[in-house]
Structure formats: structure tokens, C-alpha cells
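The values are calculated or read from the model by the stated rules, or taken from the named source; none is laboratory data. From a predicted model like this one, the values you see are computed outputs, not experimental measurements. Glycine gets a Cβ as well: all are built from the backbone with ideal geometry, and neighbour counts include every protein chain shown.
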Amino acid sequence: MTSRDIVRRTLEYDGPERVAASFPAPYWHDMVNVDYRLVGFNPEWRDVGGGWQEYIDEWGNTWARLDRTSKGEVTHGVLEDDWAQLDDLCLPDLANPANFDGVRDACADPANERWRIGGLPGFPFNIARYMRRLEIFLMDILTEPDRVTALLRRIEDLLAETIVQYARAGADAVMFPEDWGTQTALMIRPTTWRTMFKPGFERLCAVAHEHGIKVFMHSCGKITDIIPDLIEAGIDLLQFDQPTLHGIETLGRFHGQITFWCPVDIQKTLQTKDEAAIAAEARALIDHLGGPEGGFVAGYYGDNVAIGLDPHWQDVACRTFMEHGRYR
């Protein structure tokens with residue numbers, strides 16, 4: 001099987017020959033990112049004094065950082081000052097076919113036998129929360145529901161068009177980040193999420209599936225309460241960096257319904273620097289979430305520096321995943 005076959009069979013519970021994986025060389029790596037590039041937009045960080053750097057993103061938000069390695073954070077949202085600016089808000093031309101020239105080239109390359117993932121900047125929440133900034137936007141959900149809904153629908157329309165362009169360019173899946181949880185619970189009531197955000201998930205997943213591509217979602221925090229809703233909405237894969245936050249056995253209850261993509265837990269288990277504990281969790285992830293039927297992608301957290309670890313500890317996980325994940 002090619003890497004692409006292994007990932008497809010994993011997602012469809014169709015018997016991959018081994019666990020699908022996203023490890024660095026020299027380990028298994030079955031997926032490749034094929035992201036659009038926004039024509040004519042080349043943002044650069046600029047020094048504004050005192051070690052502070054800023055740039056303005058394609059949505060009009062101002063980002064800032066104090067170091068040279070992080071992605072920073074939004075310090076001023078394009079709609080932060082006044083909701084009245086929504087009427088004049090100009091969204092970026094994400095769905096311009098010219099943005100996807102590189103995607104088409106990568107997907108047409110006969111040497112590329114990996115599963116091709118096109119990146120999205122988020123689903124509507126992840127984009128809108130920057131425009132108003134998170135702490136304000138969470139209040140807006142309760143105090144300005146009509147305006148929030150209007151903004152979400154505009155973003156949703158744009159994302160639907162962007163998903164179609166990825167499908168036409170040859171991508172196998174789209175993937176988006178949307179952090180919905182704290183370390184203890186969803187950031188808003190599940191009932192509010194279902195009312196305001198689930199319809200957009202259903203629509204965007206339906207667009208992707210109508211055009212023959214899968215939908216992957218990364219989310220940090222404990223969003224266990226809405227996993228059944230995400231499955232109903234059509235999410236094909238959930239990428240979690242903290243699987244033990246939900247409970248590996250709890251996630252295992254969804255085996256057969258959705259695929260999980262996880263490294264060994266980056267905040268708990270890897271931090272023990274205990275080879276036996278790391279190996280045990282790698283085996284447990286395969287046993288509960290995957291196995292010969294499929295349903296699990298073994299992950300690798302891409303920034304060891306950020307989590308304060310020597311790469312050795314993830315090497316232990318990679319080797320264990322590979323030893324335990326040979327199904328045939």
C-alpha cells in the first residue's frame with residue numbers, strides 16, 4: 001500500500017496494513033501539506049521597538065510577539081472597536097483559483113504518494129474570534145447573537161468556496177484548527193455551541209464530502225462533550241495533542257465512528273520522561289483507537305522546543321508506534 005492508501009483505509013476502517021503516521025524522517029510519514037498561497041499577500045513582521053514585533057494579517061487583524069519564534073497573538077482585531085464596521089468589512093480572496101497553483105502542482109506530481117491535506121485558517125469561530133478578540137467574542141455570543149451569526153455566515157460562505165477549490169486542485173482532505181476547550185471543559189455551553197456553531201460545521205463538512213474530500217479538525221482542550229456532535233456534523237478526523245485529557249478509553253468508545261490523530265500526550269505523558277510510560281501510552285492509543293480495522297493516526301508534536309523536551313522522548317514514542325502498529 002502507498003501512504004495515501006494507508007491513510008484512506010485508516011479513515012474508512014478498511015484494514016490498513018499498518019498504523020498511519022505523521023512522524024519526521026527517518027520514521028513513517030504518510031501525509032503532506034498542500035496549502036494555498038494568497039496571491040499578492042506577503043506579510044512580514046516589523047520591529048516596533050522594545051523587542052516588540054507586529055504584522056497585519058489578511059483579515060486586517062494586528063498580531064504582535066516578543067520573541068522571534070512564536071506565531072504571536074492578535075492585539076487588535078479588525079472589528080474590535082465597533083460592530084458597525086462589519087458592513088464595510090472586506091474578506092480576503094481565499095477562493096481565488098490562482099491561490100491554488102502550487103496545490104495543483106503538488107497533487108499532480110506522480111512521485112507524491114502521500115495523503116494530501118489542504119490547510120484552512122479555521123472554521124468560522126477561529127477566524128471570527130480574532131476579528132473581535134477571544135474574550136470579547138465569547139461575550140458577543142450571548143450579547144450580540146445576530147451580529148455574530150451574520151459574521152459567521154459570511155466567513156462560512158468564503159470557506160465553502162475555498163473547500164471547493166481544494167477539491168478541484170486534487171487535495172484529499174482539508175484541515176482546520178479550532179481550539180474550543182479549556183483544560184476542564186468546552187469554553188461555552190454545549191447547547192449554545194449546537195445552536196450557533198454546529199449548523200456551520202454541518203454545511204462545510206457537507207460541501208467537502210459532496211466534492212469527495214475529508215475534513216480534519218485540530219482542537220486543543222477538553223471538548224469531549226461535543227465529540228458526538230462533531231461526528232454527526234461530518235468531521236472525519238479529530239487531531240488531539242492531549243488524548244489523556246479526554247481519556248484514551250473514552251475516545252475508544254467512538255471507534256468505528258471517527259478517526260483520531262494523536263501523539264503521546266504532550267503535556268502529561270511525554271513530560272514524565274519515562275520511557276516505559278511513553279511506550280505504554282503509544283501502545284494504548286493503537287489498541288483503543290486503532291488496530292487492524294483502522295481509526296487511528298499516530299502523531300508527532302512538531303515543536304519539541306515549545307514543550308521543553310529533547311526529541312529523544314518522541315523518538316521512543318515513534319519506535320513504539322511502529323513496532324506495535326504493524327498489522328500485517
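Of note:
- Checking each residue in segment 185-226 for being in contact with a His (Cβ under 8 Å, 6 or more places away or on another chain) and in a helix (DSSP H, G or I) picks out only T224.
- Considering segment 199-221, and only residues there that are of a type outside the set (A, V, I, L, M, F, W, C) and under 15 Å from the mean Cα position of the chain (by Cα), the residue that is farthest from I266 (Cα to Cα) turns out to be K214.
- Some residue of segment 258-270 being of a type in the set (S, T, N, Q), touching a Phe, Trp or Tyr at 6+ places or on another chain (Cβ under 8 Å), closer than 22 Å to G234 by Cα and crowded, with 20+ Cβ neighbours inside 10 Å: yes
- Residue tally, condition assigned to a loop (DSSP other than H, G, I, E, B) and surrounded by 13 or more Cβ atoms within 10 Å (Cβ to Cβ), over segment 47-72: 6
- Whichever residue in segment 106-133 is of a type in the set (A, V, I, L, M) and modelled with pLDDT of 95 or more and, among such residues, is nearest to the chain's Cα centre (by Cα): L120
- Considering residues of segment 90-139 that are part of a loop (DSSP other than H, G, I, E, B) and charged (D, E, K, R) only, the residue nearest to V207 (Cα to Cα): D93
- Neighbours by Cβ (under 6 Å, 6+ apart or cross-chain): first from segment 16-39, more than 17 Å from P292 (Cβ to Cβ); second among the hydrophobic types (A, V, I, L, M, F, W, C) and assigned to a loop (DSSP other than H, G, I, E, B): H29/F23; V34/A171
- At least 2 residues being out of contact with any helix residue (DSSP H, G or I) (no Cβ under 6 Å at 6 or more places or on another chain) and over 23 Å from F216 (Cα atoms) is the threshold, and among the helices (runs of 4 or more DSSP H) wholly inside segment 231-328 those reaching it are 275-289, 312-324.
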